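Student: One structure, as structure tokens, below. Some questions next.
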Amino acid sequence: MPRSKPLPEAAPANADIQSALRTLDAGSNGIAAISAALRGPLGPAFAAAVELIRQAKGRAILTGLGKSGHVARKMAATLASTGTPAFFVHSAEAGHGDLGMITSDDVVIALSWSGEQPEMKTLVNYTKRFAIPLIAITSNAQSSLGQAARIVLELPKAREACPHNLAPTTSTLMQAAIGDALAIALLEGRGFTALEFANFHPGGKLGAMLKHISDLMRSGDAVPLKPLGTGMPDALAEMSAKGLGCVVIVDARGHVAGIITDGDLRRKMRADLLSASVEEIMTANPRTVRREALASEALEILNSAKITTLIVTDGARPVGILHMHDLLRAGVA
């Protein structure tokens, strides 16, 4: 018997990959610690914070310094884009005129891992002076910031991914995570819809996904239509004239009865095709989409059904045709 070749020794793991894995593991442990805390002592404080922000007549004012400040900016952007008016005020700049941005109707959310940043003192004192609610997100409820706050979201202490336990890594990930949790809880609590989301995201691919189908569809004379009972020669002429590779078939009430596509013609090709009526060739009960639906919904239907054309309806009546090419041109697909 031929001798089997020895298995090659495993190559030593790349040090950079191992470093990345340690970083991700540290971050994962931090998120898991927050989840555990929310099921325990952090839960009531989190619920109280959501309610305080929800009931505020003004806006959520996010503040912080350093890496916590960067996270606070991101948190303000996420809140604002999901229906909670919010913006960022730099803690150090606040005492140089930016305090005028904060009103007594607002609620301040201050981020500081240690809770002991002296630059934040001016802003904290301002909230006390004008009875502005203050929510602290910190790892130390007994800190100066924690003691001054009405509500403290005390995040579990966790080791940074940095081997020296110094560079904010795990801690900033945890701050961002609790910020996202606040934003989504507020979004869900107020029933914020995709249509409302679209109002704040008109640009880029996300904006395209949130366009209404009525903005993208072909309508009027561009829609290929024929009634039940039409002969296939007329149906084929309509398909060719409108150039969409399909013709919508309607009943006597003008409601959608079926569709004939290029695929239907290939599947049902026969010698007497031109003597047939549309009822014999069409696909009954075709896929449709409401004109007020979002482009993202249409894309999901097209992809899941593996089709390229959707009939757009108002009730049961066809009012338009949406082709995958229309979504491509709009930057949706």
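Student: Might you check whether a residue that is in a strand (DSSP E or B) and open to solvent by less than 30 Å² (accessible area, probe 1.4 Å) occurs anywhere in the stretch 119-134?
Tutor: Narrowing the stretch 119-134 to residues in a strand (DSSP E or B): 134.
Cutting the leftovers down to open to solvent by less than 30 Å² (accessible area, probe 1.4 Å) gives us 134.
The answer is yes; a qualifying residue exists.
Student: For the stretch 92-108, what are the residues that are assigned to a helix (DSSP H, G or I) and open to solvent by 60 Å² or more (accessible area, probe 1.4 Å)? Show your work before the answer.
Tutor: Here is the first cut: in the stretch 92-108, the residues assigned to a helix (DSSP H, G or I) are 92-94, 98-101.
Selection gives GLU93, GLY100, MET101.
Student: Could you check the stretch 279-297 and list, in sequence order, the residues that are closer than 29 Å to MET269 by Cα, open to solvent by less than 40 Å² (accessible area, probe 1.4 Å) and of a type in the set (A, V, I, L, M, F, W, C)?
Tutor: Just the residues of the stretch 279-297 that are closer than 29 Å to MET269 by Cα, to begin with: 279-289.
Next cut, open to solvent by less than 40 Å² (accessible area, probe 1.4 Å) only: 281-282, 286, 289.
Passing the criteria: ILE281, MET282, VAL289.
Student: Taking the condition of being among the basic types (Lys, Arg) and either surrounded by 19 or more Cβ atoms within 10 Å (Cβ to Cβ) or over 21 Å from THR103 (Cα atoms) (or both), how many residues in the stretch 42-90 meet it?
Tutor: Pass one, the stretch 42-90, residues among the basic types (Lys, Arg): 54, 57, 59, 67, 73-74.
Next, from what is left, pick out any that are either surrounded by 19 or more Cβ atoms within 10 Å (Cβ to Cβ) or over 21 Å from THR103 (Cα atoms) (or both): 59, 67, 74.
Within the stretch 42-90, residues that are among the basic types (Lys, Arg) and either surrounded by 19 or more Cβ atoms within 10 Å (Cβ to Cβ) or over 21 Å from THR103 (Cα atoms) (or both) number 3.
Let's see how each residue does on (1) at pLDDT 95 or above; (2) hydroxyl-bearing (Ser, Thr, Tyr):
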residue: LYS5; (1), (2): no, no
residue: PRO12; (1), (2): no, no
residue: SER28; (1), (2): yes, yes
residue: SER35; (1), (2): yes, yes
residue: ALA45; (1), (2): yes, no
residue: ALA76; (1), (2): yes, no
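Student: Ok, one more. Find the residue count for the stretch 266-278, including only residues that are surrounded by 13 or more Cβ atoms within 10 Å (Cβ to Cβ), part of a loop (DSSP other than H, G, I, E, B) and hydrophobic (A, V, I, L, M, F, W, C). Full working, then the answer.
Tutor: Filtering the stretch 266-278 for residues surrounded by 13 or more Cβ atoms within 10 Å (Cβ to Cβ) gives 268, 273, 276-278.
Checking which are part of a loop (DSSP other than H, G, I, E, B) leaves us with 268, 276.
Okay, now just the ones that are also hydrophobic (A, V, I, L, M, F, W, C), so 276.
So the answer is 1.
Student: Which residues, taken from the stretch 37-87, are among the charged types (D, E, K, R) and part of a helix (DSSP H, G or I)? If you could, list the steps in order and put the result at the bottom.
Tutor: Here is the first cut: in the stretch 37-87, the ones among the charged types (D, E, K, R) are 39, 51, 54, 57, 59, 67, 73-74.
Matches in the stretch 37-87: GLU51, ARG54, LYS67, ARG73, LYS74.
Student: While we're here: Considering the stretch 157-171 alone, what residues qualify as being open to solvent by 100 Å² or more (accessible area, probe 1.4 Å) and out of contact with any Ser or Thr (no Cβ under 7 Å at 6 or more places or on another chain)?
Tutor: Going residue by residue through the stretch 157-171, those that are open to solvent by 100 Å² or more (accessible area, probe 1.4 Å) are 157, 159, 163-164, 166.
PRO163, HIS164, LEU166 - these are the residues of the stretch 157-171 that are open to solvent by 100 Å² or more (accessible area, probe 1.4 Å) and out of contact with any Ser or Thr (no Cβ under 7 Å at 6 or more places or on another chain).
Student: Hey, another quick one. Within the stretch 301-316, how many residues turn out to be surrounded by fewer than 13 Cβ atoms within 10 Å (Cβ to Cβ) and not in a loop (DSSP other than H, G, I, E, B)? Don't jump to the end; show me each part of the working.
Tutor: Just the residues of the stretch 301-316 that are surrounded by fewer than 13 Cβ atoms within 10 Å (Cβ to Cβ), to begin with: 303-306, 314-315.
Then keep just the ones that are not in a loop (DSSP other than H, G, I, E, B); that gives 303-305, 314.
Residues that pass the stated criteria total 4.
Student: In this structure, is SER68 hydroxyl-bearing (Ser, Thr, Tyr) and at pLDDT below 95? Before you say what the answer is, go through the steps one by one.
Tutor: Working: hydroxyl-bearing (Ser, Thr, Tyr): yes; at pLDDT below 95: no.
The answer is no for SER68.
Student: Take ALA77 and tell me if it is among the aliphatic types (A, V, I, L, M) and under 21 Å from the mean Cα position of the chain (by Cα). First the steps, then the outcome.
Tutor: Details: among the aliphatic types (A, V, I, L, M): yes; under 21 Å from the mean Cα position of the chain (by Cα): yes.
Yes.
Student: Mind checking which residues of the stretch 223-265 are open to solvent by 30 Å² or more (accessible area, probe 1.4 Å), touching a Gly at 6+ places or on another chain (Cβ under 8 Å) and assigned to a helix (DSSP H, G or I)?
Tutor: Result: ASP262, single match.
The values are calculated or read from the model by the stated rules, or taken from the named source; none is laboratory data. Just so it is clear, the structure is predicted and the values come from calculations on it, not from any experiment. Reconstructed Cβ throughout: ideal geometry from the backbone, glycine too, with neighbour counts over all protein chains shown. Only protein heavy atoms, including side chains, enter the accessible area calculation; ligands, DNA and RNA are left aside. Shrake-Rupley method; radii C 1.70, N 1.55, O 1.52, S 1.80 Å.
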